[in-house]
Amino acid sequence: LVLLWRSYEAFLANRYTDPDTLLDLAAQRLEESRPYAGALLWIDGFAGFTPQEYRVLAALFPQAREVTVALCLDGEEVALPAVEASLFAPTQETYARLRELADRLKLEWEEVRLPAPGASPGSDGRGKKAPPPRFREKAALAHLEREFARPRPRAFPGEPEGLCLVAAPDPWAEVAGAAAMLQRLARNGYRYREMAIIVRQLADYRPVLELVLRAHGIPYFLDARRSALAHPLARLLLAALEVVTEGWSAEAVFRCLKTDFWPFPRDAIDRLENYVLACGIKGKDWRREEPWAFPAPPGAGCACGAKPAYFDGLRRQIVRLFGPLGEIKPGARLAGRAWLTALWQLLENLQAAATLERWQEEATAQGAPDLAEEHGQVWQGVLRLSEELVEVLGEELPTAEEFAALVRSGLEGLSLGLIPPSLDQVLVGEVERSRQPELRAAFVLGVNEGLFPARLSEEGLFGDAERETLSAYGVELAPSCRRRLFAEEFLAYIAFTRARHFLWVSYTLADAAGRPRRPSPLIARLRRHFPALAETT
């Protein structure tokens with residue numbers, strides 16, 4: 001592994017930058033330039049930091065006039081040694097690391113333990129203070145927050161008002177039920193922006209959530225990085241290269257034409273496609289000099305009164321707009337700059353930039369600022385990708401297939417991170433990624449075995465045993481699978497304590513394919529907390 005790593009670093013040296021080293025470079029530049037000298041710095045919403053992030057903090061702390069770091073941690077556990085299975089073990093370890101960092105940098109530090117705002121001294125039988133104000137109206141939610149981490153929680157007396165446990169046949173029914181409750185709460189004074197849907201891994205629920213919420217007319221913001229491959233501009237680029245590699249096959253041509261960048265109505269493209277398929281027009285026929293005079297077979301349903309000359313005029317416009325890219329033969333080898341020049345000539349002929357700008361304006365006017373931002377990010381990403389391809393290819397002469405593979409790889413790595421707009425929308429996101437605002441209602445979906453807590457596995461070149469061994473020698477890597485499994489407990493605490501008025505917790509009896517599922521151990525714990533909790537099916 002050492003030999004591989006040294007060879008990799010030697011290959012990158014003075015040529016490329018590994019994205020995983022950007023934080024190291026940032027830490028180095030921060031030490032050199034000190035751009036935040038005298039600044040006030042606040043850090044919130046983190047349970048822990050990576051080794052690279054600690055290096056950035058080490059460069060920032062000496063510059064700042066004052067630094068405030070807020071951690072979610074039981075004040076009674078601060079002075080105790082970190083226990084791996086403890087609910088607050090991740091933040092307890094972070095607290096200790098930050099203290100060590102401050103001492104190493106010879107910085108003065110002060111510990112501030114925040115009481116529940118406005119809480120008055122009182123007793124709940126265990127010497128605890130009164131619940132935080134946000135839970136005062138819902139004693140059941142206050143009980144859940146207080147007892148969540150206890151191995152033997154005290155049972156809540158009576159009916160738990162503000163808590164709803166739901167068992168659904170499958171994810172479709174689960175999301176539909178949650179959507180109906182969202183609408184019911186919205187009719188009773190809740191704002192959509194005061195509600196959130198929380199899942200452990202969005203990939204398990206994203207298609208269902210998008211379809212069901214859209215069908216119910218519920219405005220929402222999906223807090224997830226989006227792949228650029230699904231954007232029409234990415235589909236246009238890849239399909240245009242397929243036209244070259246496949247020698248103008250009908251499938252590639254019409255994949256390209258249906259990206260909505262071409263100056264033809266979709267009806268004209270559909271009629272042209274029917275004509276091409278009905279007449280059996282092959283790839284070489286697209287660029288022939290002679291006009292198309294193929295008679296459409298009777299009953300083909302494609303001509304609609306149009307003569308072959310109409311379709312011939314369409315295909316000549318298409319060939320002209322393709323420009324130099326359409327003239328390249330399959331198997332030809334061109335320099336990277338030549339490939340990109342031909343590709344950008346196509347974008348200029350289609351006025352792709354103007355089309356994206358128009359889409360941005362339309363999305364903004366329709367109240368979809370996230371979609372408008374997506375169009376802008378894709379365009380900027382394609383610009384950066386073009387510059388990188390020119391630099392990477394150098395003097396190499398790739399074929400169309402090789403160049404298309406590079407473009408696809410670059411687009412796959414281009415993900416879009418969008419900032420939630422300040423609109424009246426339901427926030428939908430993962431508990432580990434999303435930072436929920438002050439919520440009146442939280443919907444925690446997919447509390448099934450293997451989903452929440454997530455089923456984890458070893459990742460990377462090193463196994464858990466090797467990570468533990470290296471850690472004993474002072475080599476810090478990403479946490480092992482075992483430690484990440486204990487951190488799932490903290491994520492469950494975060495999800496179950498977001499809401500101050502209403503908490504919906506649901507699980508499914510089967511997955512979307514009908515395979516049986518079992519409830520998560522979290523469901524059994526919830527029942528121990530609330531023996532009188534009625535389960536809705």
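Somewhere in segment 250-260, is a residue touching a Ser or Thr at 6+ places or on another chain (Cβ under 6 Å), within 23 Å of A354 (Cβ to Cβ) and hydrophobic (A, V, I, L, M, F, W, C)?
Within segment 250-260, none of the residues are touching a Ser or Thr at 6+ places or on another chain (Cβ under 6 Å), within 23 Å of A354 (Cβ to Cβ) and hydrophobic (A, V, I, L, M, F, W, C).
Conditions first: (1) of a type in the set (S, T, N, Q); (2) modelled with pLDDT of 80 or more; (3) under 27 Å from the mean Cα position of the chain (by Cα). T17 passes all but one, so which condition is the exception?
Unmet for T17, out of (1) of a type in the set (S, T, N, Q); (2) modelled with pLDDT of 80 or more; (3) under 27 Å from the mean Cα position of the chain (by Cα): (2).
Exactly one condition in (1) over 18 Å from the mean Cα position of the chain (by Cα); (2) in contact (Cβ under 8 Å) with a residue 12 or more places away in the chain is not met by G217; state its number.
(2)
For Y190, work out the one condition from (1) within 25 Å of the chain's Cα centre (by Cα); (2) hydroxyl-bearing (S, T, Y); (3) open to solvent by 20 Å² or more (accessible area, probe 1.4 Å) it doesn't fulfil.
Here Y190 clears every test but (1).
Could you please give the count of residues in segment 151-179 that are hydrophobic (A, V, I, L, M, F, W, C), within 25 Å of the chain's Cα centre (by Cα) and open to solvent by less than 50 Å² (accessible area, probe 1.4 Å)?
Result for segment 151-179: 5.
Looking at (1) touching a residue at least 60 places away in the same chain (Cβ under 8 Å); (2) under 30 Å from F156 (Cβ atoms), which is the only condition E488 fails?
Among (1) touching a residue at least 60 places away in the same chain (Cβ under 8 Å); (2) under 30 Å from F156 (Cβ atoms), E488 violates only (1).
For segment 1-22, what are the residues that are surrounded by 10 or more Cβ atoms within 10 Å (Cβ to Cβ) and of a type in the set (D, E, K, R)?
Within segment 1-22, R6, E9, R15, D18 qualify.
Given E373, E357, which one is surrounded by 13 or more Cβ atoms within 10 Å (Cβ to Cβ), within 22 Å of the chain's Cα centre (by Cα) and of a type outside the set (A, V, I, L, M)?
E373
Only residues in segment 366-379 that are under 13 Å from R226 (Cβ atoms) and outside any helix (DSSP H, G or I) count as the first member; pair them with residues that are open to solvent by 40 Å² or more (accessible area, probe 1.4 Å) and among the β-branched types (V, I, T), Cβ under 6 angstrom, at least 6 apart or cross-chain, and list the lot.
none
Does A58 count as open to solvent by less than 40 Å² (accessible area, probe 1.4 Å) and either modelled with pLDDT under 90 or touching a helix residue (DSSP H, G or I) at 6+ places or on another chain (Cβ under 7 Å) (or both)? I'd like the intermediate steps shown before the answer.
On the way: open to solvent by less than 40 Å² (accessible area, probe 1.4 Å): yes; either modelled with pLDDT under 90 or touching a helix residue (DSSP H, G or I) at 6+ places or on another chain (Cβ under 7 Å) (or both): yes.
Against the criterion (open to solvent by less than 40 Å² (accessible area, probe 1.4 Å) and either modelled with pLDDT under 90 or touching a helix residue (DSSP H, G or I) at 6+ places or on another chain (Cβ under 7 Å) (or both)), A58 qualifies.
Could you list, in sequence order, the residues of segment 23-45 that are open to solvent by 100 Å² or more (accessible area, probe 1.4 Å) and without any contact (Cβ under 8 Å) to a residue 12 or more places away in the chain?
Within segment 23-45, R29, E32 qualify.
The values are calculated or read from the model by the stated rules, or taken from the named source; none is laboratory data. Just so we're clear, the structure is a prediction, and the values are computed from it rather than from any experiment. Glycine also receives a Cβ, built like all others from the backbone with ideal geometry; neighbour counts cover every protein chain displayed. The accessibility values were calculated without ligands, DNA or RNA, using every heavy atom of the protein model including side chains. Shrake-Rupley method; radii C 1.70, N 1.55, O 1.52, S 1.80 Å.
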